[in-house]
Ligand SMILES: Cc1ncc(COP(=O)(O)O)c(C=O)c1O
Ligand SMILES: Cc1ncc(COP(=O)(O)O)c(C=O)c1O
């Protein structure tokens, strides 16, 4: 009995691309991988590109006049073109490769801390974030606030897991230099209303940073349509390798803002007395970059584009709708976050009566079902809703209704066990 | 006719491990890869581990209660154990994974800039480096000096490519907070006298940072014997993947010093108002780390250890001795750096009459010989010796005397061509 | 890993609730948010009471309950031996098969042997034990007194 | 890539040395350290002289020599066309096969077609051309005058 939902992808074909999905765990139980918000699995197409790189072209990039160096440079810079196309960047030079989304966000925070006016975050200025941020979009701003004397403010949350923007004009003020928020929450699943926030930020002349870590893998992303100044995301959640992240930034800003990490590749000329910096993106890519990983991310972008981001979004929407409906049938289950599939991504957090998420996760694991438990690097959300932690199931392009069913059955077992 | 030198490894066997070394370029010319100081090639053993990770165990690390998360965490933390063993670290918790050596060095510079006393680098204090540093060990300190008001000083070079320590007591003074220098120069090949510098630094209570990027791949490295406070190196030069670097630091320092990048994984507890940080090494590893890359570096360490770092060192010493001798036979060739194999690594820079290194490199490439040309991210060295750039041949455990011969023959062709 | 003994202690925790003590500590397991507040009351070298309050998973809750049963009434020196043996068991990565001698010392606590195979859960099992060790040290140094009075 | 024409210009550079000019620029190719100092002297709309000094590889040196031969004596409008066509050729990644029409405009400069296949060297070939463009713009805006007198 397989459930048919409108908009589903041909998961039977897609799953063949992902070697790990064939794996069994705990003495032959089929792996049901529902931890995609933590990291996605990698298709054969990406692994092949990595292998081909290391087996045929591996070399350091730039500055080389030999074949391998030219290959590696062309592949690395080609990956930048692919990523630029994927997010509809006006220019490839606006795409900076980092090691992960966290570095991307820290990079912005540090640029603004060391910037000249009018960008400089300093005593007397304000930084705005939200209560549903991932720690990677909280701590860099806390550090910046501590180190500069700026004030950190944030939007609270409504009971149903959405941003409370009712006081937007008090939160974002003339003093605000930067507003940084998550596009899709990794814990609540909420898709945030970009336009309203951007409009207010632009009114007061604040820069807008969008953490798209949970959006880039799952929906079409158009940095021009978002009208943000910076957009950060991470490769490993979108079928790419670990060790690669992206920061997109508007060209004028990248030209004006100071560098962050110093070193090889980011300079124009160096003497012992002083240095000048290369134009962006190189100015922000100190040292040997994650070459193979950027190339792998390029292959991931090709893979996702081949399937179509709209199609992936539709698939996940259908799965999420089904999952929300089925989960709400489980007694004592409380979804933390929006309880419909509207304006939400495919990560669903919940509590199950008094049973601690660690125990939920462990008993699910014994059945081969991989979910994540804990505060999902968003502890303020747990504090806000008065819970120690949640269990989170998160879906991706290869997830099936049968896996939702397995989860629901698994939760029944959890309840029986601890009941 | 194959040259036999004492101390050579069985390169015939070793070369079989490196798929890329079988490659031909420019219509069937055998690749002669002499660009190892830029990046090393990767053995099958490392690629297999990467594939196995992505095909069987891929998951985000820590906090997971499912099999894949436990696998990934055990593999990632296992890699830390391997690296700790490789450098004889007193504790595994002293090994921080970064994305490359440049990040490692920037991490130290930033920690010291934000540190409390007695470590804080500030106006009135001094930073000491050398004129033979890689840009990645110059620019971070220039930025720190600019941003804190500290003064940057450096050791000059002697005509034969060694550190000029004659004025060590004036360079390193009571005001010096940190001395950072390269163990083996990537442009000159020079192996620097650690003991003398460390002794003086300890006398004045300055911290010592060693850039071991060109040492870790090529010789036994013992952080305790070095008596440094921090040691940085990079994975891609030592048979590991791109996208992974290491910073080793003394435990008390890592405890006392402030974090650099903020985000997931590096915290103990987060509220909107403030955060506390996890103990080292996690305090310095914000965000999803380069998981596969760290595991790959662990495999590289296993591979190198299997062959034996002493044996690799002996092999390279023999090759270097032979290469120096043969190169000096080439008319008009001037080695920039020590002209013997004593206290030097296997990177040899040279000029060839008036022929520009770009042209030397290009004509060598047409013969399948890959060398690097330019200033090798050490432009102050070129300024010091009054040359625009050098050609650099650099060797590794799979390099053979026949490859040295090919280089020398190639240089003859270069001379004929431009003569 | 969920031995009946563990589930039993989880569902019917022994000694739970905060009572009078010589020292109090609050420990947190940052990886999962488990928390415990624990007090120790000593009578000379004897452990008169261990009282605690907290939230967490079945493993951390059951472990605190087992600790209460095992340590209260013991001489400090004996209690330390129990604590050390439990630590050893939990760090054994599933390699240590409890024998009779061990069972004699650890009693119900041997049920946690299976937990040692799950690195993410070892910290849960150790949470109350680390808190106890810390609180005892404070009680002995006299530091803790002012905190609970 | 090393056509005889290129080697010829490299070994016997035309117009080398700094002479009087209306504007002077100094351009550097940071990836390889090639440098050029270049002056432009205009006579109304005509290029009276282009003089230069620098160090670099055969490609950058030969390219400057070719530039001198091609541009001196030309009307600015024509020179700009030559510059644009050369730029197009160099950015063609080896895909553009120079035809007769192109050869008529670029003359010796078509020898650089092969260089366009080597991304690392394209900048070398373009160094003097970019410097010329920059210097001309300065000369026309009058900015450069004070710098060379
Ligand atoms: C001596 C030295 N230090 C630092 C680095 C920087 O290493 P990475 O580019 O991997 O950050 C290199 C290599 O480029 C080097 O040779
Ligand atoms: C919303 C969000 N932001 C930021 C991050 C940080 O990404 P990374 O850990 O790759 O730096 C994550 C994922 O962990 C995330 O879900």
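Here are a few things to note about the model shown:
- Chain A, helix-only ellipticity at 222 nm - DSSP H runs n ≥ 4, -39,500 (n - 2.57), divided by all residues, nearest 500: -11000 deg cm²/dmol
- Nearest 10 degrees, 0 to 90: helix B:67-86 Cα axis against chain B principal axis: 60
- Estimated FRET transfer efficiency when R0 is 45 angstrom, pair residue A:30-residue D:84 (beta carbons, to 0.05): 0.15
- Antiparallel DSSP beta bridges within the stretch A:152-252, percent to nearest 5: 45
- Folded to 0 to 90 degrees: helix B:357-366 orientation relative to chain B principal axis, Cα: 70
- Separation between Cα centres of the stretch D:58-129 and the stretch B:344-362, rounded to whole Å: 27
- Cα long-axis angle, helix C:58-71 against chain C (0 to 90 degrees, to the nearest 10): 60
- For the stretch A:47-306, the relative contact order is 25 percent, taking Cα pairs closer than 8 Å that sit 6 or more residues apart in sequence and dividing their mean separation by the residue count.
- Gyration tensor (Cα) of the stretch A:69-186, equivalent ellipsoid semi-axes in angstrom: 31, 19, 13
- Modelled FRET efficiency - R0 22 Å, residue B:12 with residue B:45, Cβ distances, 0.05 increments: 0.85
- In whole percents, the pair-distance distribution calculated for the stretch B:172-220 from its alpha-carbon pairs, binned every 5 Å from zero, is 5, 22, 29, 19, 15, 9, 2.
- Per-residue mean of C-beta atoms belonging to partner chains within 10 Å, peptide A:92-100: 3
- Per-bin percent of Cα-Cα distances, the stretch B:47-306 [5 Å]: 1, 6, 13, 17, 19, 16, 12, 8, 5, 2, 1, 0, 0
- Rounded to 5, the percent of DSSP beta bridges in chain A classed as antiparallel: 60
- Sites residue D:11 and residue A:74 - FRET efficiency at Förster radius 22 Å, r taken between beta-carbons, to 0.05: 0.10
- The C-alpha radius of gyration of the protein assembly as shown, expressed as a fraction of 2.2 N^0.38 Å, stands at 0.99.
- Surface/4 estimate of mean projected area, convex hull on alpha-carbon atoms of the stretch D:1-79, nm²: 5.4
- Estimated Rh, the stretch B:281-404: Kirkwood, alpha-carbon pairs, angstrom: 16.7
- Gyration tensor verdict on the stretch A:94-138 (Cα atoms; rounded if a/c is under 1.5, prolate if a/b is larger than b/c, oblate otherwise): oblate
- The stretch B:305-327 and the stretch A:116-188 have their alpha-carbon centroids 55 Å apart.
- For residues of B:362-371, the mean tally of beta carbons on other chains within 10 Å: 4
- Estimated distance in nm for a label pair at residue B:81 and residue D:18, the labels positioned 7 Å out from Cα along Cα-to-Cβ: 6.5
- For residues of A:348-360, the mean tally of beta carbons on other chains within 10 Å: 4
- Taken as Cα centroids, the stretch B:191-270 and the stretch B:36-96 sit 19 Å apart, rounded to the nearest whole angstrom.
- For residue D:101, inter-copy label distances in nm, listed shortest first [label point 7 Å out on the Cα-Cβ vector]: 9.5
- Seen from a random direction on average, the alpha-carbon convex hull of chain C projects onto 7.9 square nanometres.
- Label zone of residue D:45 (point 7 Å out along Cα→Cβ, amide N under 19 Å): in the stretch D:55-74 this covers D:71-74.
- Rule-of-thumb Rg ratio for the stretch A:206-309 [Cα; 2.2 N^0.38 Å; N residues]: 1.20
- Rg(Cα) / (2.2 N^0.38 Å) computed for the stretch A:1-147, rounded to two decimals: 1.47
- Label-to-label distance for residue B:170 and residue A:5 is 7.5 nm, based on points extended 7 Å past Cα in the beta-carbon direction.
- Sorted peptide list for B:45-52, A:376-383, C:43-50, criterion being average Cβ within 10 angstrom, highest first: A:376-383, B:45-52, C:43-50
Each value in this text was obtained by applying a stated rule to the coordinates, not by laboratory testing. Since the model is a prediction, treat every value here as computed from it, not as a measurement. Every residue, glycine among them, receives a Cβ derived from its backbone with ideal geometry; neighbour counts consider all protein chains shown.
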